[in-house]
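Inspection log for the structure reproduced underneath, given as structure tokens.
Read-outs throughout are calculated quantities, based only on the coordinates presented, and are distinct from any laboratory measurement. Being a predicted model, the structure only gives us computed values, none of them experimental. Virtual Cβ from ideal backbone geometry, glycine too; neighbours counted across all protein chains shown.
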Amino acid sequence: MRVIRDNVYSVGALDFDRRIFDKLIPTPDGTTYNSYLIAGSEKTALLDTVDPTKSDTLFRNIAKTGVSKIDYIVCHHAEQDHSGCINEALLLFPDAKVVTNSKCKEILMQHLETDDEQFIIVEDGQELSLGDKTLKFIYIPWSHWPETLASYLPQEKMLFPCDLFGSHFATSSLFADDYCTLYESAKRYYAEIMMPFHGQIKKNIEKLSQYEIKIIAPSHGPLYDKPEMIIDAYKDWVSDNVKNEVVIAYVSMHESTRIMVDYFVDALIERGVNVWQFNLADTDLGKLAMSLVDAATIVIGTGTVLTGPHPKAAYACILANALRPKTRFASIIGSYGWGGKMPEQIQQLLGNLKVEFIEPVISRGVPKEEEYKKLDALAEAILAKHRQIGII
Ligand code: FEO
């Protein structure tokens, strides 16, 4: 338990050991499940709970504050890493009400089977008095799920935006201090959680700009007492700007595709185009996602397996397609032994991306002089596209 401000406590849990989230997202720096307790002169509110695996920590921390009665459990987001201990909290504090919006209530009733009688529904902009403190609720939909809600505590100018501005970063520092490390962690988190909704996130950031914010207290990672660092980073990530970068995600079985990738990477670098190269055989998909936040172009490299892309390349395409980066251009390089429709299948798998496809380069077996010329031409075409949109 840590005191953030008078009668405002951090009661959540650190999870240094967590290495994967949703059985999908690598979390090399662990994570935190932040929960906050605000004791007003009349009422006390608990803002979110923690992942059920850390419920003991949450309730031990609440006890350490000396608070013995909770009137409101504010649920900003129904995902279980924040809502998963609500039922246990209601058993310990049976008079408490769950304060949330109607969409979140609907999801909670499905996931947790929370009793209908226990809810107080709040509208966008509505306030809840705790006596000498007030919570104002701000709808920030799709700041991960459609129901996501933030709270603002005007007396301390604190914003509680749940997943928004979060990071999977376990640290004993209450406030962000190592900005270099945290920037990477926050960007990785943005790429995996927020990027699919970047248009809505942009609107939410504009909506929040009307509030004077001195502290951002997200639901994952450290708090920000210099909020401009994370707000400015988000403004950059959600902008329409892309960088002079090509992400090459590839997998090669018999070296032909790898030889093509190596040649192609050199061809791009020699033309002044920056490259992120990922071997899908053993890459960190979080790093791949992070690189897609800014890159102007994505190139998938793969051999052909039973007429289609290698399953690891297909998986990367499905992930990129779900994350919907603002990438402008795409292409494919690769090889085949006897036939197939690999390029067509990759284009279909990337169907959500608003990209212009540039002519693929596909080699039968090992690349030969003709394919090297085509790889040079592809590098030249990407350079021209990047010049055309003014990023080089
Ligand atoms: Fe941290 Fe969307 O839950």
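Basic side chains Lys and Arg get +1 at the Cβ, acidic Asp and Glu get -1 at the Cβ, and with that the dipole of segment 156-220 about its Cα centre reaches some 240 debye. Provide, for segment 243-388, the number of lysine pairs with alpha carbons under 21 Å apart, each pair being eight or more places apart or on different chains. Lysine pairs, 8 or more places apart or on different chains, close enough: 14. Here's the list of lysines a cross-link from K64 could span, going by alpha-carbon distance under 17 Å and ignoring same-chain residues fewer than 8 apart: K54.
Sorting E79, E42 by the number of Cβ atoms found within 10 Å of their own Cβ, with the fewest placed first, yields E42, E79. For K202, give me every one of the aspartates and glutamates with a C-alpha distance below 17 angstrom, ignoring sequence neighbours fewer than eight places off in its own chain. Output for K202: E147, D163, E192, E228, D232, D236, D240, D294. Ranked for footprinting exposure by Cβ neighbours inside 10 Å, fewest first, Y315, Y36 give Y315, Y36. Computed from backbone phi with θ = phi - 60° and the Karplus coefficients 6.51, -1.76 and 1.60, the 3J(HN,Hα) list for segment 375-392 is 5, 4, 5, 5, 4, 5, 5, 5, 4, 5, 5, 5, 5, 4, 9, x, 9, 9 Hz; x is used for glycine and proline. For the pair segment 135-172 / segment 290-351, the C-alpha centres are spaced 35 Å from each other. FRET efficiency for T283 and E369, Cβ-Cβ distance as r, R0 = 25 Å, nearest 0.05? Once rounded, the FRET efficiency stands at 0.25.
Charge dipole (Cα centre; +1 on Lys/Arg Cβ, -1 on Asp/Glu Cβ; no other charges) of segment 122-237 amounts to roughly 140 debye. The HN-Hα couplings worked out from phi for segment 97-107 by the Karplus form 6.51 cos²θ - 1.76 cosθ + 1.60 (θ = phi - 60°) are 10, 8, 9, 6, 8, 5, 5, 5, 4, 4, 5 Hz, whole numbers, x standing for Gly and Pro.
Please compute the net charge surrounding V361, taking Lys and Arg as +1 and Asp and Glu as -1 over other residues with Cβ under 10 Å from its Cβ.
Details: positive: K373, K374; negative: E359, E370, E371, D376.
The answer is -2.
Each residue of segment 204-218 was assigned a 3J(HN,Hα) from its phi angle through the Karplus expression (A = 6.51, B = -1.76, C = 1.60, θ = phi - 60°), giving 5, 5, 4, 4, 6, 5, 6, 9, 7, 10, 9, 9, 9, 10, x Hz with x at Gly and Pro. Neighbour counting of Cβ atoms within 10 Å sorts the residues C85, C317, fewest neighbours leading, into C317, C85. Could you tell me how far the Cα centroid of segment 183-248 sits from the Cα centroid of segment 23-50, in Å? Using only Cα atoms, the two centres lie 19 Å from each other. Only aspartates and glutamates eight or more places from K207 in sequence, or on another chain, were considered; those with a Cα closer than 14 Å are D124.
With each label modelled as a point 7 angstrom along the Cα→C-beta vector, the E123-K354 pair spans 3.3 nm. For V305, the amide hydrogen comes within under 5 Å of the amide hydrogens of H310, counting only partners 5 or more places away or on other chains and with H modelled in the peptide plane. Close amide-amide hydrogen proximity is noted between T134 and Q155, each under 5 Å apart and 5 or more residues distant or on a separate chain (H modeled in the peptide plane; Pro and chain starts excluded). Bridges between two residues of the chain, per DSSP, are antiparallel at a rate of about 45%.
All alpha carbon pair distances within the chain were sorted into 10 Å bins beginning at 0; the resulting P(r) in whole percents reads 5, 22, 27, 19, 14, 9, 3, 0.
Build a GNM of the chain with springs between Cα atoms under 10 Å apart, and of L92, L353, L37 the one that fluctuates most is L92. Other residues within the sphere of radius under 10 Å centred on the Cβ of R328, judged by their own Cβ, net out at +1 (K and R +1, D and E -1). Among DSSP bridges having both ends in segment 1-129, what percentage is antiparallel? Round to the nearest 5. DSSP beta bridges in segment 1-129 are roughly 60 percent antiparallel.
Overall, the chain carries a charge dipole of about 620 debye about its Cα centre when +1 sits on the Cβ of Lys and Arg and -1 on the Cβ of Asp and Glu, all other atoms neutral.
Annotation: amide H-H contacts under 5 Å for L47 (H modelled 1.01 Å from N, sequence separation of 5 or more, or interchain): Y36, L37, I38, V74.
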